Amino acid sequence: STASALHDIGKIVIPESILNKPGRLTAEEFAVIKTHTVEGAKILNDLSVSLGGANEPLLEVAHAICRWHHERWDGSGYPDRLKGDEIPISAQVVALADVYDALTSERCYKAAYDHDTALRMILNGECGAFNPLLLECLKECSEQLRRELTRSEYDRGFRQETNRLSE
């Protein structure tokens with residue numbers, strides 16, 4: 001989980017005008033966005049080198065997650081079009097969590113989907129292909145996810161209201 005926090009570190013090299021664009025990205029803009037996986041992996045590799053090239057397990061896992069969290073089980077992902085178990089399990093898990101988070105979070109270009117809609121979209125393959133075993137795990141923990149999502153929405157609303165009152 002610690003390594004997963006670095007999965008999008010490569011986005012620091014992506015122009016804000018693309019990252020925060022409210023509408024649909026052009027093909028050229030999407031090509032730029034897709035570079036965040038390789039750029040992030042380079043950043044983590046450079047960090048490892050600057051630490052003396054030590055095989056730091058946390059950085060190794062973070063590198064794998066960062067580079068391959070947009071790969072898909074059927075080989076349709078990027079940047080290397082890995083397929084099935086060629087994708088490190090850490091990157092597979094983060095890919096699934098990242099899609100769920102993207103669906104259930106409000107973004108500058110879309111409203112948040114509710115838990116049931118997000119789950120249905122993922123399980124129906126609308127967000128890419130995932131490891132069937134991980135999809136079973138997702139189904140098994142879906143009620144816990146629903147509770148966490150509900151709690152985080154409450155917490156977010158509470159913080160916003162507290163901030164508004166304090167101002």
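Considering only residues in segment 92-139 that are among the aromatic types (F, W, Y) and touching a Leu at 6+ places or on another chain (Cβ under 8 Å), the one that is most open to solvent (accessible area, probe 1.4 Å) turns out to be Y113. Listed by position, the helices (runs of 4 or more DSSP H) inside segment 1-117 whose residues that are touching a residue at least 40 places away in the same chain (Cβ under 8 Å) and among the hydrophobic types (A, V, I, L, M, F, W, C) number at least 3 are 57-68, 89-104.
Residues in segment 11-48 that are open to solvent by less than 60 Å² (accessible area, probe 1.4 Å) and either under 12 Å from the mean Cα position of the chain (by Cα) or of a type in the set (K, R) (or both): K21, H36, T37.
The values are calculated or read from the model by the stated rules, or taken from the named source; none is laboratory data. Being a predicted model, the structure only gives us computed values, none of them experimental. We place every Cβ from the backbone using ideal geometry, glycine too, and count neighbours over all the protein chains shown. Side chains are part of the model used for accessible areas, which takes the heavy atoms of the whole protein and leaves out ligands, DNA and RNA. Shrake-Rupley method; radii C 1.70, N 1.55, O 1.52, S 1.80 Å.
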